[in-house]
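These notes concern the structure reproduced below.
The values are calculated or read from the model by the stated rules, or taken from the named source; none is laboratory data. Everything numeric in this text was worked out from a predicted model, so none of it was measured. Cβ: placed from backbone, ideal geometry, glycine included. Neighbour counts: every protein chain shown. Remember, those area values only see protein heavy atoms, side chains included, never the ligands or the DNA or RNA. Shrake-Rupley method; radii C 1.70, N 1.55, O 1.52, S 1.80 Å.
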Amino acid sequence: MIDRPDLFLRHLFDRAVEVADPMRSLREFLPEKPKGRVIVVGAGKASARMAEAVEAAWGPCEGLVITRYGYARPCHGIEIVEAAHPVPDQAGLDATARMLSLVEGAAEGDFVLALISGGASALLVQPLAGVSLAEKQAVNQALLASGAPIDRMNTVRKHLSRVKGGQLAAAAWPADLLALIISDVPGDDPAFIGSGPTVGDPSTPDDALAVIDLWNVEVPASVRKALSHGSGVVQPGDPRLAGVSNVIYAAPRQSLEAAAALAVQAGCEVRLLGDALEGEARVVAEAQAKEAFALQAGMKPGDPQILLLSGGELTVTRRGDGIGGPNAEFCLSLAIALDGAEGIHALACDTDGVDGAAEVAGAVIGPDTLKTAAECKVDPQLALERNDAHSFFAALDAHVVTGPTLTNVNDFRAILIEPPRGG
């Protein structure tokens, strides 16, 4: 038996983050540094670390990368700009304009390296004509509260942008462009990672409007008007993308498999539920609680512990006024569903270290979670109704706090199931 399940689960999460660190994983995907002009651009929570890894291999480079506040890394040639995430700000707007100017100056024979990771959707900011930054911010906030899946959110973001949906790559034409990408989306489709700034997209402005209507996203009238006039999203067969290569070099499955290998070494039987789970965090938690109960019911004393691992990106439909995120809400809903069941422990965290908009990665629960909540005089059901999972776990001192992890391969969820005790 594992003496400290909470520490064990945290160890597995740390391993999942470690294998996705660009300083460990990016170099083997870099070609030899081209002889001519090289321009490095990028955006995302991992992009500064990726730039650091590029310069470790290639030496100082010309370029500009935009990352989240607090996620900068030291580079010798590539300029690192910090901006806001998940709601864009003026710093992101100004840096994106400079990035576009930089790649638009690329010529035939030049080489552009784009470093893209999750978070790029908010950090690359250049609104469609007729849409202001304030209006773009309002749309982003409404999308985040809507419960829409990330790929549907990004459809809207692409068509309200002059840099997403292949437009960054088109701006770099006729230079060759290689995009190295860390996936944080279910299914690892590069078109939806950071809203696909280097990937053509067949969707239309009407598709974006359909998402807005289906998910009841409140948007300013100017947004509908701008979309009715079209967008600059680049179709997949556009000749400006002929010299573009998009390579996903790190993805959630690699991190889950690394954690699984550690768990097997510790004597666990591992069940991988998939790296692309989607859905409402509270609903997925209830389903996984039922699965945990069913598995535990079939275990005998002395059987190996079972570990359920899953990744993907869950969502939260905002119903209340609390502070929460999908991983913390998953843990809260799971704790309620488990109702203090003996021998079941769990952790859910975002590998970028930020769950929702809070500066915590997620939370950890165990059989004593609800008992501790009662002692702390916090109501788990009320917290769930208010989408206030972060406040709940702060009261219990059950948050997982990592600080900037400098990578992002989406959510990590682990449920450890112990067999019944003998005697």
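Among the residues making up the range 189-216, those that are at pLDDT 95 or above and charged (D, E, K, R) are ASP201, ASP206, ASP207, ASP213. Among the strands (runs of 3 or more DSSP E) confined to the range 250-334, the ones with at least 1 residues that are at pLDDT below 95 and touching a strand residue (DSSP E or B) at 6+ places or on another chain (Cβ under 7 Å) are located at 277-280, 306-315. Picking from residues in the range 192-207 that are open to solvent by less than 10 Å² (accessible area, probe 1.4 Å) and of a type in the set (Gly, Ala, Ser), the one that is farthest from the chain's Cα centre (by Cα) is GLY196. Here the range 212-225 is the region considered, the condition is being of a type outside the set (Phe, Trp, Tyr) and either open to solvent by less than 10 Å² (accessible area, probe 1.4 Å) or in a loop (DSSP other than H, G, I, E, B) (or both), and the residue that is farthest from PRO127 (Cα to Cα) is ASN216.
For residues in the range 230-249 being in contact with a helix residue (DSSP H, G or I) (Cβ under 8 Å, 6 or more places away or on another chain) and in a strand (DSSP E or B), which is nearest to ASP188 (Cα to Cα)? Steps first, please.
To start, the set of residues in the range 230-249 that are in contact with a helix residue (DSSP H, G or I) (Cβ under 8 Å, 6 or more places away or on another chain) comprises 230-234, 238, 240-241, 244, 246-249.
Next cut, in a strand (DSSP E or B) only: 244, 246-249.
Numbers: VAL244: 18, ASN246: 12, VAL247: 11, ILE248: 8, TYR249: 10 Å.
Out of the qualifying residues, it is ILE248.
Against the numbered list (1) part of a helix (DSSP H, G or I); (2) open to solvent by 30 Å² or more (accessible area, probe 1.4 Å), ALA51 comes up short only at (2).
Consider VAL401 carefully, then state whether it is touching a Leu at 6+ places or on another chain (Cβ under 6 Å), open to solvent by 20 Å² or more (accessible area, probe 1.4 Å), β-branched (Val, Ile, Thr) and closer than 29 Å to ALA260 by Cβ. Give the derivation first.
On the way: touching a Leu at 6+ places or on another chain (Cβ under 6 Å): no; open to solvent by 20 Å² or more (accessible area, probe 1.4 Å): yes; β-branched (Val, Ile, Thr): yes; closer than 29 Å to ALA260 by Cβ: yes.
Here the answer is no, as VAL401 does not meet what is asked.
Residues are listed down the side, and each one gets a yes or a no for (1) aliphatic (A, V, I, L, M); (2) in contact (Cβ under 8 Å) with a residue 12 or more places away in the chain; (3) open to solvent by less than 30 Å² (accessible area, probe 1.4 Å):
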site	(1), (2), (3)
ARG318	no, yes, no
ILE323	yes, yes, no
ASP350	no, yes, yes
LEU370	yes, yes, no
GLN381	no, yes, no
SER391	no, yes, no
THR405	no, yes, yes
ASN408	no, yes, yes
ALA414	yes, yes, yes
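When ARG152 is tested against (1) open to solvent by 20 Å² or more (accessible area, probe 1.4 Å); (2) in contact with a strand residue (DSSP E or B) (Cβ under 7 Å, 6 or more places away or on another chain); (3) assigned to a helix (DSSP H, G or I), only condition (2) is not met.
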